[in-house]
1. Filter the range 20-53 for residues that are within 30 Å of residue 102 (Cβ to Cβ) and either aromatic (Phe, Trp, Tyr) or modelled with pLDDT under 70 (or both) and give the result.
2. Scan the range 57-66 and give yes if some residue there is part of a loop (DSSP other than H, G, I, E, B) and closer than 16 Å to residue 7 by Cβ, otherwise no.
3. Would you mind telling me which numbered condition in (1) in a helix (DSSP H, G or I); (2) aliphatic (A, V, I, L, M); (3) exposed (fewer than 12 other Cβ atoms within 10 Å of the Cβ) residue 48 fails?
4. Residue 77 passes all but one of (1) open to solvent by 40 Å² or more (accessible area, probe 1.4 Å); (2) modelled with pLDDT of 85 or more; which number fails?
5. Considering (1) open to solvent by less than 60 Å² (accessible area, probe 1.4 Å); (2) assigned to a loop (DSSP other than H, G, I, E, B); (3) under 27 Å from residue 38 (Cα atoms); (4) of a type outside the set (Val, Ile, Thr), say which one residue 97 fails and leave the rest.
6. Considering each of 127, 57 in turn, give the residue that is basic (Lys, Arg) and at pLDDT below 90.
7. Give me the residue from the range 55-114 that is among the acidic types (Asp, Glu) and touching a helix residue (DSSP H, G or I) at 6+ places or on another chain (Cβ under 9 Å) and, out of that set, farthest from residue 23 (Cα to Cα).
8. Please state which one of 91, 85, 59 is in contact with a Leu (Cβ under 7 Å, 6 or more places away or on another chain) and of a type in the set (D, E, K, R).
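The values are calculated or read from the model by the stated rules, or taken from the named source; none is laboratory data. This structure is a prediction, so every number in the text was calculated from the model and none was measured. Neighbour counts run over all protein chains shown; Cβ positions are idealised from the backbone, glycine included. Quick note on the areas: whole protein, heavy atoms, side chains included, nothing else; ligands and nucleic acids left out. Shrake-Rupley method; radii C 1.70, N 1.55, O 1.52, S 1.80 Å.
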Amino acid sequence: MENGLVVRAGVVIPGSELGWRFSRSSGPGGQSVNTTDSRVELSFDVAATTALSDVLKARALERLGSRLVDGVVTIAASEYKSQWRNREAARERLVALIREAIAPPPRKRRPTKPSKSSVRRRLDDKKRRSQTKRLRGRPED
């Protein structure tokens, strides 16, 4: 029934590793809000998954540390009246979260020195500005 979630090329979370829970939503919905289970909770066990390599799993566990409860991340979606649309929203949010968590770290910045001409321009501008301000003072009698 449940297809996998494609996180990126080579990383697919199988549907069997996703846990779904449904409950009544507190949002808009009129008379049907009290009868339909439109709120969706999507759970994914990051610690026990087979979809991620050991390196990606370690990176995800480190970056998602504050969101994990016993290695499981849970996404709740209740912004739509329809359970189906909430399921789609939860899937999209989980994919975005995992994609961000397994992304490689950014390259380190190589420190550079300002060029001589840029330093000279900055100092010339400062001199010009200080002269402008000095000329604003009251003329002496």
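1. 20, 22, 44, listed by residue number.
2. Yes, the range 57-66 has at least one match.
3. The single condition residue 48 does not satisfy is (1).
4. (1)
5. Unmet condition: (2).
6. Only one candidate qualifies: 57.
7. 62
8. None of the others qualify; the one that does is 91.
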